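The block underneath contains the structure these notes are about, expressed in structure tokens.
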Amino acid sequence: MDWKTDVVDPGDPGAVAGAVEQYRPQVEAYMRALATTEGLALNRVEGILGFVATGIARSVSSPS
């Protein structure tokens, strides 16, 4: 789980999707690191972005 303080308009799906894509590389790096250090298959690790200001949480799928 990665908490972000960005203010993302919950009524604008494009803004939410854009924010998720902006942070995707960072979350995927965390997911790879966790999978490696814990000896897990990457598809067993889930990344979630939580936008604190608006209460939005979005899952980030496992990287290829």
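Looking across the range 1-44, the residues that are in contact with a helix residue (DSSP H, G or I) (Cβ under 6 Å, 6 or more places away or on another chain) and either under 14 Å from Pro63 (Cβ atoms) or among the aliphatic types (A, V, I, L, M) (or both) come down to Val8, Ala35, Leu42. Please identify the pairs in which a residue from the range 3-21 that is modelled with pLDDT under 95 has its Cβ atom under 6 Å from the Cβ atom of a residue that is in a helix (DSSP H, G or I) and of a type in the set (Lys, Arg), counting only partners at least 6 apart or on another chain. Correct list of pairs: empty, since none qualify.
Quick one: would you say Gly47 is of a type outside the set (Ser, Thr, Tyr) and out of contact with any helix residue (DSSP H, G or I) (no Cβ under 8 Å at 6 or more places or on another chain)? Spelling it out, it is not the case that Gly47 is of a type outside the set (Ser, Thr, Tyr) and out of contact with any helix residue (DSSP H, G or I) (no Cβ under 8 Å at 6 or more places or on another chain).
Among the criteria (1) surrounded by 13 or more Cβ atoms within 10 Å (Cβ to Cβ); (2) within 11 Å of the chain's Cα centre (by Cα); (3) among the hydrophobic types (A, V, I, L, M, F, W, C); (4) assigned to a helix (DSSP H, G or I), the one Ala29 does not fulfil is (1).
Taken over the range 8-40, the criterion of being among the β-branched types (Val, Ile, Thr) and touching a strand residue (DSSP E or B) at 6+ places or on another chain (Cβ under 8 Å) is satisfied by Val8, Val16, Val20, Val27.
The values are calculated or read from the model by the stated rules, or taken from the named source; none is laboratory data. Since the model is a prediction, treat every value here as computed from it, not as a measurement. So basically every Cβ, Gly included, is an ideal-geometry build from the backbone, and we count neighbours across all protein chains shown.
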